[in-house]
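The structure appears below as structure tokens.
The values are calculated or read from the model by the stated rules, or taken from the named source; none is laboratory data. Just so you know, these numbers come straight off a predicted model, no measurement behind them. Glycine gets a Cβ as well: all are built from the backbone with ideal geometry, and neighbour counts include every protein chain shown. These accessible areas exclude ligands, DNA and RNA; they are computed on the full protein's heavy atoms, side chains included. Shrake-Rupley method; radii C 1.70, N 1.55, O 1.52, S 1.80 Å.
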Amino acid sequence: MRKHSGAVHVARVVRKYKDREYVSWLLRRSYRDAGKVKHETLANLSALPAHAIAALRSSLAGRRLVDAEEAFQVTRSLPHGHVAAVWAMARTLGFPALLGPAGPERDLAMALVAARVVEPDSKLATTRWWPDTTLGADLGVATASTDQVYAAMDWLLARQDRIERTLAGRHLAPGGLVYYDLSSSWMEGTHCPLAARGYSRDRKRGKAQIEYGLLTDPGGRPVAIEVFPGNTGDPATVPGQVHKLRDRFGVERVVMVGDRGMLTAARIDALRELGGVGWITTLRAPAIAALARAGTIQPSLFDQTNLAEVTHPDYPGERLVCCRNPLLGAERARKRAELLAATAAELDKVAAGVQAGRLAGAADIGVKVGRVLGRFKMAKHFTLDLTDTSFGYARNQPAIDAEAALDGIYVVRASVAASELDAAGLVDAYKRLSNVERDFRSLKTVDLELRPIHHHLEQRVRGHVLVCMLAAYLVWHLRKAWAPLTFTDEAPPERTDPVAPAERSQTARVKASRRQLADGTPAHSFHTLLQHLATLARDDLTFTDPTHGTRTQIQKLTSPTPTQRKAFELIEAVIPLTLT
């Protein structure tokens, strides 16, 4: 009979023997013989590597095989995950509409804000960084020049009023609390008209600086920022902020919360005249001492609790809540003891110099002693006896004891009615001013590196500070969303005693001690999480068909890690292939 030749293929043959399976790979030819399909084994391939068997099966099945190294090329690989996450959060918060109409200026402004979150640096360094991320390619800013960047900053600054009005409408409620504080950052160069010498919070006494005031909601979410000359005092900026809230934001009645250096007695008198403006602040140490001398503050106030509300004729229509924090008191006592000891040690050196004849004359001795007392701020605690040829000192123990009696005591001063906030609520409202201080740390050092400032033109300085404020707004929301992946406390326990230090939840303490999350994966800081997200890359792949000579280009993301996937889930976003 005639045999019909058939196809050659690789067959997988499984045989069982004594409850075990044995797999063989056989090269076979199938053919028909008298109408029946039969198989002829040509070779046993079981000894070949698995990839060789797979290649032979594909080839015999009609698939065209090519050399992977020659056919596929990764032509570019760009970090993507970190900028994609920041961009996704920005879109969730409505940043494109917030900044202004679509166009190249808005794309550059968005890129500046995102860069300030991910990789804060100078504007020139930022333009060099954009091409090395998907941010530059997707927003079309990879080839942007510094002149274009400056033009975008000017464009953004022109829209600051509308941006801040929008944020105020979102987060500030009529009659609600508004938090305000002032900080400073030093300037490089001498040509900016805003640069001036003033009280440096950065301890850069030899540098000119600028001041900037930040308005936030009670949670610390940035709402508005304003730049002032570097020699502007804190209280002088308050009236302008009140007018801003009323005239620009349309908030008729607000309660300003500020520290005792901001809301001074004179400034409170000015707020009282404006009407419709409340305040929450604290008294300065001399005012607290005056209350103690008048008998308004007594140790018996704190026998049962750490806070007590009192009244005094000097503060008509206001509420005074006296608080005692034992831990704060112990810390102040420790610092005072160290300063007294350090001052005495230096004064002993002066006395030794006078006795040895190296220092003489009341004027010269007084200058030397004044420097010591000025350095440690302890003049009120020492009595001095000096002549042209002698110097002696003694501790002013009554003054020391009087100050020690008030260790750990502070007084919250407020105009808010008891029907709106009780005594504990006032203390809690004031202590939330720490959220603004946290925002300043984020702006200046921790996250956004606002300082030092190198711009020379006034509008560029203001534009730079605005970019940093918008970046801080993004960071605020990202930190909150990513709390389950970081050391941030997700659910701090409710405070039963507003005077006592805040406590962390058990979950947060475990994360901090073990450096791990509940599932055993590493806990991140905000910055290490961004660094980990940056390893999620977007690859540009090129496939060359050796038969036809065609080239196909595709983009593909690397497979996300569980942490990267979770980070996008927490901001309620899918991982995008492209940003736009």
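Taking every alpha-carbon pair within the stretch 129-242, the share separated by more than 23 Å comes to 49 percent. For the stretch 454-505, taking Cα atoms only, Rg and Dmax work out to 17.5, 50 Å respectively.
Once both labels are positioned 7 Å from their Cα atoms along Cα-to-Cβ, the gap between residue 124 and residue 199 label points is 3.6 nm. Projecting label points 7 angstrom from Cα along Cα→Cβ for residue 31 and residue 545 puts them 3.6 nm apart.
Hydrodynamic analysis of the stretch 444-580 uses the Kirkwood radius over alpha carbon pairs. Inserted into Stokes-Einstein at 37 °C and 0.692 mPa s, it gives a translational diffusion coefficient of 174 µm²/s. Along the chain, counting only GluC sites (Glu not before Pro) with a DSSP assignment other than H, G, I, E or B and at most 10 other Cβ atoms inside a 10 Å radius, the longest segment between sites is 1-493. Across all Cα atoms of the chain, the radius of gyration (one decimal) and Dmax (whole number) stand at 35.3, 138 Å. Of the accessible area of the chain, computed with a 1.4 Å probe over protein heavy atoms only, carbon and sulfur atoms account for 52 percent. For the stretch 231-377, what log10 I(q)/I(0) values come out of the Debye formula at q = 0.15 1/Å, with one point per alpha carbon and no solvent? The Debye formula, applied to the Cα set alone, gives -0.95. With the convex hull of its Cα atoms as the shape, the stretch 294-418 has an orientation-averaged projected area of 9.8 nm². With Rh defined as the Kirkwood radius, the inverse of the mean 1/r over Cα pairs, the Rg/Rh of the stretch 378-515 is 1.15. Taking the inverse of the mean reciprocal distance over all distinct Cα pairs, the Kirkwood hydrodynamic radius of the stretch 352-420 comes to 15.0 Å. On the basis of the beta-carbon distance and an R0 of 41 Å, residue 556 and residue 188 show a calculated FRET efficiency of 0.40. Dividing the C-alpha radius of gyration of the stretch 40-199 by 2.2 N^0.38 Å, with N its residue count, gives 1.80. Note on the stretch 193-314: Kirkwood radius taken over Cα pairs, Stokes-Einstein applied at 10 °C and 1.306 mPa s, translational D equal to 93 µm² s⁻¹.
If the convex hull of the alpha-carbon atoms of the stretch 231-283 is projected onto planes in all directions, what is the mean projected area in square nanometres? Taking a quarter of the hull surface, the average projection is 3.6 nm².
What base-10 log of the normalised intensity I(q)/I(0) is obtained for the stretch 268-332 from the Debye formula, alpha carbons as equal point scatterers, at q = 0.19, 0.20 Å⁻¹? The computed values of log10 I(q)/I(0) come out as -0.85, -0.92. Rolling a 1.4 Å probe across the protein heavy atoms gives the stretch 1-134 an accessible surface of 60 Å² per residue.
Surface analysis of the stretch 415-566 yields an accessible area of 50 Å² per residue, using protein heavy atoms and a 1.4 Å probe. Principal axis extents of the Cα atoms in the stretch 8-121, from largest to smallest and rounded to whole angstrom, are 81, 35, 28.
Size check on the stretch 65-129: the Cα extents along the three principal axes, sorted descending, read 52, 26, 20 Å.
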